[in-house]
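Step one of this worksheet: look at the structure below.
The values are calculated or read from the model by the stated rules, or taken from the named source; none is laboratory data. Predicted, not measured: the structure shown is a model, and the values here were computed from it. When we count neighbours, we look across all protein chains shown, and the Cβ atoms used for this are built from the backbone with ideal geometry, even at glycine.
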């Protein structure tokens, strides 16, 4: 029986090909490690952050609804008034465009030419 090598044509691996395969495998391994750590970091860090923001929004909404209930003496003023409910449940309660979207608000003007944001920090307005 003839040797297996003579039956199957195996390309000869030169030093360049071996180096390319090694570097490609290393790059793939590093990419998989990076994706794994990124996913782990986002799961551990982003989840609690988003939950904290949502709880702050819910606290704000509860305070606002409580103030309306105290001021109006009940919930009867909200029945059938979707615009009042929209103003109570959305910060600012300003005008809304098609689909209920609020027009974008400009938070800060650009600093003067030659100045940096450190000299003129942006002003954030919470409503």
Criterion violated by residue 71 - all others in (1) modelled with pLDDT of 85 or more; (2) surrounded by 10 or more Cβ atoms within 10 Å (Cβ to Cβ) satisfied: (2)
Among (1) farther than 30 Å from residue 85 by Cα; (2) modelled with pLDDT of 85 or more; (3) part of a helix (DSSP H, G or I) - the single one residue 6 does not satisfy: (2)
